1. Rounded to whole Hz and in sequence order, give me ³J(HN,Hα) for region 68-74 from the Karplus expression 6.51 cos²θ - 1.76 cosθ + 1.60, θ = phi - 60°, writing x for Gly and Pro.
2. If the viscosity is 1.567 mPa s and the temperature 4 °C, what Stokes-Einstein diffusion coefficient in µm²/s follows for region 36-121 when Rh is the Kirkwood radius over Cα pairs?
3. Can you list the HN-Hα couplings for region 96-110, worked out from phi with the Karplus curve (6.51, -1.76, 1.60; θ = phi - 60°), rounded to whole Hz and with x for Gly and Pro?
4. What ³J(HN,Hα) values, in whole Hz, does the Karplus curve 6.51 cos²θ - 1.76 cosθ + 1.60 give for region 43-52 when θ = phi - 60°, with x put for Gly and Pro?
Amino acid sequence: MLVGVRYRRGFLCLGLLCAFLVEIVPPVSGQQDSLLTRGESQMLGALKERFLPLPSVDRIWTGAFVAAASKAASIRGSIDSIQRSGIAEEEVVVRVGALRQELRVVKNDRNTFVAGFLTPLQQLALDSILNPPAPSIQHFGFHDRLMCLVCKKPNEGAIFPSGVKSPDQLMLPKQ
């Protein structure tokens, strides 16, 4: 008997929570889409495509992205107004730095909230979507490093194309 009461109470609480969340997070409209930047809307689309959330979770994630975008837009507006004000540059740097930190906190909170709906394995995949690795910066773009005179030193077994002198052969004679 006691188990049945607990089950019904848990089911009732779950139902009330879902009803509450549906009231808080309205469906996506054109006005809300305009709040999201292009990158944020692409990120949200990638999340929905990758994890295929339930419709209620989809609305919750969209609401989280819209709320974060709204906060970020107001913070960016504050940054712009501070930069255009006539206060001293040192003060501008301090204030803008604090606001940029606040922007990072808003994005981290949004990402943590979204991650709460996923399994640990899915959270690893989420991390790869939200924090892609930085691109490798090459000094000459993508190229064959074995043939590159900058990447490989002569004593490291660099292969030089025919007709190209190795760096030790390019040394100027002493005068």
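Just so it is clear, none of the values below were taken in a lab; they were calculated from the coordinates. As the structure is a computational prediction, the values presented were derived from the model and not from experiment.
1. Once rounded to whole Hz, the list reads 5, 5, 5, 4, 5, 5, 5.
2. Details: Rh = 14.4 Å.
Approximately 90 µm²/s, per Stokes-Einstein.
3. With the stated coefficients, region 96-110 comes to 5, x, 5, 5, 5, 5, 5, 4, 4, 5, 4, 5, 5, 5, 4 Hz.
4. 5, 4, x, 5, 5, 5, 5, 6, 9, 6
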